[in-house]
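This report concerns only the one structure given below.
The values are calculated or read from the model by the stated rules, or taken from the named source; none is laboratory data. Remember, it's a predicted structure, so these values are computed and weren't measured experimentally. Neighbour counts run over all protein chains shown; Cβ positions are idealised from the backbone, glycine included. Surface accessibility is based on the protein's heavy atoms, side chains included, excluding ligands, DNA and RNA. Shrake-Rupley method; radii C 1.70, N 1.55, O 1.52, S 1.80 Å.
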Amino acid sequence: MDIKSTCRESESKVNGMTLGAFTGYFRNRDSNKNTLYPYGQYAAHFVLGVIYSKCDDVADERKQFSLADLAKIPSVIKDFEFFAQPKFRIATARPGSGNTKNIGSADKIAELVGGLGPFASLGEEVYDDYWMFYLTRDMAEAVGVKRPYMNLKTYLEYKQRGIDTLKAHESEIANLVEDESDSEEIES
C-alpha cells in the first residue's frame, strides 16, 4: 500500500501523482530495494490516495507559534477526499514527472476515485508490460536506440510490428527453441 497525495486544480481535476518507479524493483521483481519484500511477492499493489485543496487564508510562515496557539493556526489544506485503488487502475501511459522514472497517475478526480484510468480496461498484464519496457528519451539515447513507444497507440504499433512474420514461422521457431535449449546463452 502506497500513500499518495495530490492537490485539486478544479472541481474535477488534480495535479496528478507519481505512482512509483518503472525501473529498479518494478523491472527486477525479485529485488527488495526500497520495499520490505520483493515487488513480485506482493499479491497486489494498492494506492491510498488523498486529494486536497489549498486554503486561501494561511498563517505567515515566518511567524512563530506556541503550543497554546495550536488551535488558532489556520490549516494550509482542506476538503480532503480519500480513495483506494489498485495502482494499475489509476495509472496513465505517461511518466509522472518530467525528470524522473516514475509512473504517472490519472489527473481527473472521477478516474482516480473510480479506478478508471486507461489500464483499468486493459488490465494489469498490459500495464506491467507497458511500464517494464518503457524508455524515456534519455534512457533510449543512453543505449543508442530509438524509443520503441511513447504512448498506448505507439505501444500497440510496436507490439504488432513483425507479429505476422513470427506467426508464419511459428513451428520453425518452436523447433529451433528445442535445438537451442542445450546451448542457452550464459548470463554474466
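Within the straight-line cut-off of under 20 Å between alpha carbons, the lysines reachable from Lys78 are Lys4, Lys13, Lys54, Lys108, sequence neighbours fewer than 8 places apart in one chain being disregarded. Once the chain from Ser31 to Ala59 is taken as fully extended at 0.36 nm per residue, the excess over their C-alpha distance is 5.6 nm. Report the one residue of Thr23, Phe65, Val47 whose Cα lies farthest in the direction of the positive end of the charge dipole of the chain (charges on C-beta: Lys and Arg +1, Asp and Glu -1; origin at the Cα centre). Working it through, the farthest residue towards the positive pole turns out to be Phe65.
Could you tell me which label, among [x] 9, 35, 41, 14, 1; [y] 10, 32, 31, 18, 7, 3, 1, 0; [z] 8, 25, 27, 21, 11, 4, 2, 1, carries the value of P(r) over Cα pairs in 10 Å bins from 0, in percent calculated for this structure? For P(r) over Cα pairs in 10 Å bins from 0, in percent, the calculated option is [z]. A helix-only calculation puts the chain at -7500 deg cm²/dmol for mean residue ellipticity at 222 nm, using -39500 (n - 2.57) for each DSSP H run of at least four residues, averaged over all residues. Computed over neighbours whose Cβ is under 10 Å from that of Leu19, the net charge equals +1, Lys and Arg +1, Asp and Glu -1.
Treating cross-link reach as a plain straight distance, find the lysines whose alpha-carbon is under 29 Å from the alpha-carbon of Lys167, omitting any fewer than eight places away in the same chain. Qualifying lysines at Cα under 29 Å: Lys146, Lys153, Lys159. Using only side-chain charges placed at the Cβ, +1 for Lys and Arg and -1 for Asp and Glu, the dipole size of the range 36-185 relative to its Cα centre rounds to 1060 debye. With a simple spin-label model that places each label point 7 Å from the Cα along the Cα-to-Cβ direction, the separation between Glu172 and Glu9 comes to 5.1 nm.
Each peptide in 37-44, 67-74 gets a packing score, the mean of other Cβ atoms within 10 Å over its residues, and the list from highest to lowest is 37-44, 67-74. Within the shell defined by Cβ-Cβ distances under 12 Å, the residues around Tyr52 carry a net charge of +1, with Lys and Arg each +1 and Asp and Glu each -1. Residue separation of Thr23 and Tyr42 scaled by 0.36 nm, minus their Cα-Cα distance, works out to 5.1 nm of gained length.
Whenever you get a sec, compute what percent of the accessible area on the chain sits on carbon and sulfur atoms (1.4 Å probe). It is 51 percent, rounded to a whole number. For Gly96, what charge total do you get from the other residues with a beta carbon under 13 Å from its beta carbon, if Lys and Arg give +1 and Asp and Glu give -1? Local charge sum for Gly96: +2.
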